[in-house]
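Asks: Here it is, the structure in full.
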Ligand SMILES: [Zn+2]
């Protein structure tokens, strides 16, 4: 699943379509796509893993889910879920979820919860975490209402960097460690962005998909942990469990 930084890259790539009129819409999405014909794209936004195409009175929300993809100025043989043609160029999305959002986006999205948004608010994240009595650290990082944009790779890497065991109970994590977890969720997301752009992201993984802990040279544990049940890679020696 593409994480926040990958959707951020998509937003940068499609900037040439801002202000451009859609001359043709197609796709097998069940929503009324034709209402977008002849409309101009006002801007593109992201909220975590959600990609937002903003029009005058409405917004199209695209979520690439597990297997979604997009093509710019190219198309596949299969029908896109939603595809736009412009006077110059095209933009196609496949295997994704497509929805309309009506009205003001500020009433729908809490921008301060998005780790890559300039409005990101670490204090608010801290307050939300303090409110989660029994939540595990591995679930907290994936909670999009607290860390919008963080996905499984960022989760594994941030827990490893901050030496916090994924099964730690958030309420038991000392405040210093909790703050470094919040800080690193942001720092790592921007490093992810740069590495992804430079095609060197995987090279920088220390824990995700790795077999041996670089700090202790012992095998990582690997399990689907927490309510989110996503793959976790962690070291039982250097990642402290707070329970
Ligand atoms: Zn270790």
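The values are calculated or read from the model by the stated rules, or taken from the named source; none is laboratory data. Every value quoted in this text rests on a predicted model; they were computed, and no experiment measured them. Here the Cβ is made from the backbone with ideal geometry for all residues, glycine too, and neighbour counts use every protein chain on show.
So that you can scan it fast, the table gives a plain yes or no per residue for (1) without any contact (Cβ under 8 Å) to a residue 12 or more places away in the chain; (2) more than 10 Å from the chain's Cα centre (by Cα); (3) assigned to a loop (DSSP other than H, G, I, E, B); (4) over 21 Å from residue 73 (Cβ atoms):
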{"position": "9", "(1), (2), (3), (4)": "no, yes, no, no"}
{"position": "25", "(1), (2), (3), (4)": "no, yes, no, no"}
{"position": "29", "(1), (2), (3), (4)": "no, yes, yes, no"}
{"position": "51", "(1), (2), (3), (4)": "no, no, no, no"}
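Asks: Which of the residues belonging to segment 220-237 are more than 9 Å from the ligand (Cβ to nearest atom) and assigned to a loop (DSSP other than H, G, I, E, B)?
Replies: 226, 227, 228, 229, listed by residue number.
Asks: Give the residue, chosen from 210, 163, 217, 240, that is within 16 Å of the ligand (Cβ to nearest atom), without any contact (Cβ under 8 Å) to a residue 40 or more places away in the chain and either surrounded by 15 or more Cβ atoms within 10 Å (Cβ to Cβ) or within 22 Å of residue 125 (Cβ to Cβ) (or both). It would help to see each step written out before you state the result.
Replies: Working: 163 fails: without any contact (Cβ under 8 Å) to a residue 40 or more places away in the chain; 217 fails: either surrounded by 15 or more Cβ atoms within 10 Å (Cβ to Cβ) or within 22 Å of residue 125 (Cβ to Cβ) (or both); 240 fails: without any contact (Cβ under 8 Å) to a residue 40 or more places away in the chain.
Answer to the selection: 210.
Asks: Just to verify a result, which residue in segment 111-126, among those that are closer than 12 Å to residue 145 by Cβ and out of contact with any strand residue (DSSP E or B) (no Cβ under 7 Å at 6 or more places or on another chain), is surrounded by the most Cβ atoms within 10 Å (Cβ to Cβ)?
Replies: Only one residue tops the list, namely 125.
Asks: Follow-up question, since we're still on this one. Identify, please: which residue in segment 64-96 is in contact (Cβ under 8 Å) with a residue 60 or more places away in the chain and in contact with a helix residue (DSSP H, G or I) (Cβ under 8 Å, 6 or more places away or on another chain) and is, among those, surrounded by the most Cβ atoms within 10 Å (Cβ to Cβ)?
Replies: My answer is 84.
Asks: A follow-up question, please. Kindly indicate whether residue 181 is farther than 20 Å from residue 112 by Cα and away from the ligand (no atom under 16 Å from the Cβ). Give the steps one after another, and end with the answer.
Replies: On the way: farther than 20 Å from residue 112 by Cα: no; away from the ligand (no atom under 16 Å from the Cβ): yes.
So residue 181 does not fit the description; no.
Asks: Of (1) outside any helix (DSSP H, G or I); (2) more than 18 Å from residue 1 (Cα to Cα), residue 199 satisfies all except one. Which?
Replies: (2)
Asks: Just give me the residues in segment 191-207 being touching a helix residue (DSSP H, G or I) at 6+ places or on another chain (Cβ under 7 Å) and free of Cβ contacts under 8 Å to residues at least 60 places away in the same chain, in sequence order.
Replies: Going through segment 191-207, the residues touching a helix residue (DSSP H, G or I) at 6+ places or on another chain (Cβ under 7 Å) turn out to be 192-193, 195-197, 201, 204-207.
Those that are touching a helix residue (DSSP H, G or I) at 6+ places or on another chain (Cβ under 7 Å) and free of Cβ contacts under 8 Å to residues at least 60 places away in the same chain: 195, 201, 204, 205, 206, 207.
Asks: From (1) crowded, with 16+ Cβ neighbours inside 10 Å; (2) touching a residue at least 40 places away in the same chain (Cβ under 8 Å); (3) more than 16 Å from the ligand (Cβ to nearest atom); (4) part of a helix (DSSP H, G or I), pick out the condition that doesn't hold for residue 188.
Replies: Going through the list (1) crowded, with 16+ Cβ neighbours inside 10 Å; (2) touching a residue at least 40 places away in the same chain (Cβ under 8 Å); (3) more than 16 Å from the ligand (Cβ to nearest atom); (4) part of a helix (DSSP H, G or I), residue 188 breaks only (2).
Asks: Could you check residue 169 against (1) exposed (fewer than 14 other Cβ atoms within 10 Å of the Cβ); (2) more than 16 Å from the ligand (Cβ to nearest atom); (3) closer than 19 Å to residue 231 by Cα and say which number it fails?
Replies: With (1) exposed (fewer than 14 other Cβ atoms within 10 Å of the Cβ); (2) more than 16 Å from the ligand (Cβ to nearest atom); (3) closer than 19 Å to residue 231 by Cα applied to residue 169, the lone miss is (1).
Asks: Right, something else. Which of the numbered conditions does residue 56 fail, given that it passes all the others? Conditions: (1) at pLDDT 95 or above; (2) over 21 Å from residue 1 (Cα atoms).
Replies: So residue 56 meets the others, but not (1).
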